[in-house]
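First the structure, in the form of structure tokens, and then the observations on it.
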Amino acid sequence: MIKEFKQFIARGNVIDLAVGVIIGAAFTAIVNSLVKNLINPLLGLIIGRIDLSNLVFKVGGATFKYGSFINSIINFIIIAFVVFLIVKAVNKMGKANKKAAKPTEADYLKEIRDLLKEEETQ
């Protein structure tokens, strides 16, 4: 069973996934800092409050922290936008790689045929 576990862990997909999760967690920390330290103060200046996470309303004994919810929405929008930009860039690079693909055997054969036709006409 240990041997199977080692094989499972050594597979490329598992390692790629682990790296993705770690980078995602680090990226989330960066976005949280961006929202907390830059965007929220900016929004706070616009609406007259500096810290949106303290926005609450109470109904009976329940406290609704809608400011924290707004922070979460801002975080989500920023993360989704950055992921969109990354996917867009990767897709663009993929298209560029397809255009710069190596010539195939058929391409070489066509080139030889064209060169032979040129020689015949001369």
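The values are calculated or read from the model by the stated rules, or taken from the named source; none is laboratory data. Remember, it's a predicted structure, so these values are computed and weren't measured experimentally. For neighbour counting, all protein chains shown are included, and Cβ atoms are generated from backbone atoms with ideal geometry for every residue, glycine included.
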Only residues that are at pLDDT 80 or above and part of a loop (DSSP other than H, G, I, E, B): list them for segment 65-116, please. K65, T104
Would you check if there is a residue in segment 7-22 being over 15 Å from I70 (Cβ atoms), surrounded by 12 or more Cβ atoms within 10 Å (Cβ to Cβ) and polar (S, T, N, Q)? no
